[in-house]
1. Considering L89, L74, L131, L80, which residue is open to solvent by 10 Å² or more (accessible area, probe 1.4 Å), among the aliphatic types (A, V, I, L, M) and in contact with a Gly (Cβ under 6 Å, 6 or more places away or on another chain)?
2. From the set of residues in the range 16-46 that are under 27 Å from E113 (Cβ atoms) and in contact with a Gly (Cβ under 9 Å, 6 or more places away or on another chain), which is most open to solvent (accessible area, probe 1.4 Å)?
3. Those residues that are touching a residue at least 60 places away in the same chain (Cβ under 8 Å) and at positive phi, I need them from the range 96-151; list them, please.
4. Just wondering, is there one or more residues in the range 62-81 that are of a type in the set (S, T, N, Q) and either at pLDDT 95 or above or within 20 Å of L105 (Cβ to Cβ) (or both)?
5. Scan the range 17-50 residue by residue and report those that are in contact with a Ser or Thr (Cβ under 7 Å, 6 or more places away or on another chain) and of a type in the set (D, E, K, R).
6. Go through (1) open to solvent by 10 Å² or more (accessible area, probe 1.4 Å); (2) modelled with pLDDT of 95 or more; (3) touching a Pro at 6+ places or on another chain (Cβ under 8 Å) for V120 and report which single condition fails.
7. Go through the range 52-92 and give me each residue that's in contact (Cβ under 8 Å) with a residue 60 or more places away in the chain and within 24 Å of A30 (Cα to Cα).
8. Run down D107, D28, D49 and say which single residue is out of contact with any strand residue (DSSP E or B) (no Cβ under 6 Å at 6 or more places or on another chain) and either hydroxyl-bearing (S, T, Y) or closer than 15 Å to P155 by Cβ (or both).
Amino acid sequence: MHETLSRWLASNAGDDTLVEHPAVHTIDEALIHVPAMPGLMVKNLFVRDEKGRRHLLVIVPFDKRIDLAALGRLLPASKLSMASPQRLLQHLGITPGSVSLFALLHDSAQAVELVLDQAVWEAEFVQAHPLRNTATVALSHAALVSFLTHTGHVPRIVTVPAAD
């Protein structure tokens, strides 16, 4: 785990739990391998606009299918699509499968916009990978707010449009 994140979790996460598990790359794998723990399991999408000028980390409940076109109209952002693994590494310093809000530690330039679904924001605890897909942390809402203050990211809280 990233040393800065380890220190932050030790001093800010309090009673939040961290569980180790086999590597997971998809929600289906997480449902099998992540032990039962408190908090909302989430899905993290790293997307870009049509021209590649805007990059967004979109976090929704794990079972929500996102309508990217409708989200683009809501934000507004033109023609949202999944960003490449190269862009993910460039902007958030991680590879596919390990995406979580903790990757914002690597975005000191504030180049990535954070979009949180209302349900994620309202959750008492949220589950997140600590920069590796072999562990999951249950982060309290207060710790989430503290982490975002630490990174300087102000979330845009919306009801992310669901796909039919």
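1. Step by step, each of L89, L74, L131, L80 is checked, and only L80 is open to solvent by 10 Å² or more (accessible area, probe 1.4 Å), among the aliphatic types (A, V, I, L, M) and in contact with a Gly (Cβ under 6 Å, 6 or more places away or on another chain).
2. So the residue we want is H25.
3. Selection gives G97, L131.
4. Going residue by residue through the range 62-81, those that are of a type in the set (S, T, N, Q) are 78, 81.
Filter once more, keeping what is either at pLDDT 95 or above or within 20 Å of L105 (Cβ to Cβ) (or both): 81.
Scanning the range 62-81 turns up at least one residue that is of a type in the set (S, T, N, Q) and either at pLDDT 95 or above or within 20 Å of L105 (Cβ to Cβ) (or both).
5. Result: E20, R48, D49, E50.
6. Unmet for V120, out of (1) open to solvent by 10 Å² or more (accessible area, probe 1.4 Å); (2) modelled with pLDDT of 95 or more; (3) touching a Pro at 6+ places or on another chain (Cβ under 8 Å): (1).
7. Once the filter is applied, which keeps residues that are in contact (Cβ under 8 Å) with a residue 60 or more places away in the chain and within 24 Å of A30 (Cα to Cα), the range 52-92 yields V58, I59, V60, K64, R65, I66, D67.
8. One residue alone meets the criteria, D107.
The values are calculated or read from the model by the stated rules, or taken from the named source; none is laboratory data. Small disclaimer: the values here were computed from a predicted structure and weren't measured. Cβ atoms come from the backbone with ideal geometry, glycine included; neighbour counts cover every protein chain shown. Surface areas here come from the heavy atoms of the whole protein model, side chains and all, with no ligands, DNA or RNA. Shrake-Rupley method; radii C 1.70, N 1.55, O 1.52, S 1.80 Å.
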